[in-house]
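The values are calculated or read from the model by the stated rules, or taken from the named source; none is laboratory data. Remember, it's a predicted structure, so these values are computed and weren't measured experimentally. Every residue, glycine as well, gets a Cβ built from its backbone with ideal geometry; the counts of neighbours run over all protein chains shown. Calculation scope for accessible area: heavy atoms of the full protein, side chains included, ligands and nucleic acids excluded. Shrake-Rupley method; radii C 1.70, N 1.55, O 1.52, S 1.80 Å.
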Amino acid sequence: MEDKKPIIQLNDLGKQFQTANGIVTALDHINLEIMRGEIFGIIGLSGAGKSTLVRCINYLEVPTSGTVVFEGVSLAGKNESVIRKARQSMGMIFQQFNLLAQRNVLQNVCFPLELAKVPKKEAKKRAEELLELVGLADRMKAYPAQLSGGQKQRVAIARAMATNPKVLLCDEATSALDPNTTKQILELLKKINKEMGVTIIVITHEMAVIDAICDRVAIIDNSQIAEVGKVADIFSNPSTPTGRRLILGDGAKQVALREDRLLRIIFDGRESSEPVISNLVLSCKVPVNIMYAATKDVGGKAMGQMMIQIPEDETDANRVIHYLKMKNIAFEEVK
């Protein structure tokens, strides 16, 4: 990504809402750069500000402060025609699909082209090409009620791509789908990114979605960016409590509270076939207790972390620590 330029820059972005109970801050001093052609994830717990952030990016919500810069042009203070043109370059898909029930699949995909005043024949040809891309060429005449959830989301993706957007915003796009269908939709998004060069921004509360397709990720917490970086780096070594909670879950907190002597082993790219713990036990001739593990295979590499309890005996414990250092296995002692 180093040689690529940002397609979207968020500079000191803020958003507040006036409610019956006073002013609520949804976004607070957000600073992000999203590079052209990458798949960028934004993850956070419910209520963290994720959906407000994505709606500010395409100006469905006008920021209270700060700027959104799209392709080098700030959208702040621009007239409606400029905003509309930028928005047409940002397709959007949602958790609940938002298809028009009275229109068939082909007509749903044609809808944004009608709004853009594209000639009917040209719009139909474009829609047919997109339905071929998403694997629904045989369902053009079907209506939304006749489709599965995964098929509806494929139609929604085709519709979002109709105006040739440079950015695709995905707001919890797989949350309503089963795991197998989610995998298929994520593969489709990867295909669109790779073959068409579309920048994709994924808003989600599921770390598995980030792991599956994103290049970089920002963690949002309490309306602010907690940390941002490459997915592999954040996954293997989250630097904030929010990051650790999202990645490790509540188990990490429970382990950290124990008084036993614990080591956190960081898997940051070793071969996933290497039996690290088994080799440690066999070499050191001492038992260790795995207290918590959150690891996964990423392209044959082990990513994540594990907490182990080591012996109370100082000699045995030092033997384990020496082994880890000798094998260049990243770790830290948990106090």
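Need one number: nm distance between label points at SER46 and LYS183, each 7 Å from Cα along Cα→Cβ, rounded to one decimal.
Once both label points are built, they end up 2.7 nm from each other.
Sorted by mean Cβ packing within 10 Å, highest first, what order do the peptides 209-215, 154-160, 298-304 take?
Most protected by this proxy first, the peptides run 154-160, 209-215, 298-304.
Find the percent of Cα-Cα distances in the chain that exceed 31 Å, and round it to a whole number.
Working: 23962 of 55945 pairs.
Roughly 43 percent, once rounded to a whole number.
Work out the length of the dipole vector of the range 178-309 about its Cα centre, built from +1 on the beta-carbon of each Lys and Arg and -1 on the beta-carbon of each Asp and Glu, and round it to the nearest 20 debye.
Magnitude of the dipole: close to 200 debye.
Tell me, in nm to one decimal, what length is gained between SER148 and GLU129 on full extension, where the rule is 0.36 nm per residue of separation less the Cα-Cα distance?
That works out to 4.8 nm of additional length.
Enter the accessible area per residue of the range 1-82 (Å², integer; probe 1.4 Å; all protein chains in place). Present the calculation step by step, with values, prior to reporting the outcome.
Working: 3990 Å² over 82 residues.
Each residue of the range 1-82 exposes 49 Å² on average to a 1.4 Å probe.
Compare the Cα positions of ILE43, CYS284, THR182 along the charge dipole of the chain (+1 at Cβ of Lys, Arg; -1 at Cβ of Asp, Glu; about the Cα centre) and return the one farthest towards the positive end.
Most positive-ward Cα: THR182.
Going through the range 1-101, which trypsin sites (Lys or Arg not before Pro) have at most 16 other Cβ atoms within 10 Å and a DSSP loop state?
Here the trypsin sites (Lys or Arg not before Pro) that fit, given the DSSP loop and packing criteria, are LYS4, ARG36, LYS78.
Tell me which of LEU130, GLN224, MET326 sits at the most positive position along the dipole axis of the chain, charges placed on C-beta atoms (Lys, Arg +1; Asp, Glu -1).
Result: LEU130, furthest along the dipole toward the positive end.
Given charges of +1 on the Cβ of Lys and Arg and -1 on the Cβ of Asp and Glu, with all other atoms neutral, how large is the dipole of the chain about its Cα centre, in debye to the nearest 20?
With Lys and Arg at +1 and Asp and Glu at -1, about 1420 debye.
For n ≥ 4 DSSP H runs only, could you compute -39500 (n - 2.57) per run for the chain, divide by its residues and tell me the 222 nm figure to the nearest 500?
-10500 deg cm²/dmol
Roughly to the nearest percent, how much of the accessible area of the range 193-325 is carbon and sulfur, given a 1.4 Å probe?
48 percent
Which residue fluctuates most in the GNM of the chain (Cα springs below 10 Å): THR19, THR204, THR67?
Maximum among the listed residues: THR19.
How much FRET efficiency would the formula 1/(1 + (r/R0)^6) give for SER175 and LYS121, where r is the Cβ-Cβ distance and R0 is 41 Å, rounded to 0.05?
0.65
Give me the distance in nm between label points sitting 7 Å out from Cα along the Cα-to-Cβ direction at GLN16 and SER89, one decimal.
3.1 nm
Over the chain, what is the percentage of antiparallel beta bridges among all DSSP beta bridges, to the nearest 5? Display every interim value, and only then the final one.
Values: 45 of 64 bridges.
Percentage antiparallel, nearest 5: 70.
Using only the Cα atoms, work out Rg/Rh for the range 153-250, with Rh taken as the Kirkwood radius, to two decimals.
With Rg and the Kirkwood Rh in hand, the quotient comes to 0.98.
Taking only protein heavy atoms into account and a 1.4 Å probe, give the accessible area per residue of the range 94-210 in Å².
Value returned for the range 94-210: 48 Å² of accessible area per residue.
Quick check of the Kirkwood formula: for the range 258-298, what is the inverse mean of 1/r over all pairs of different Cα atoms, in Å?
The answer is 11.9 Å.
Using the basic label-point model (7 angstrom from Cα toward the beta carbon), what is the GLN96 to HIS205 distance in nanometres?
Inter-label distance under the simple model: 1.6 nm.
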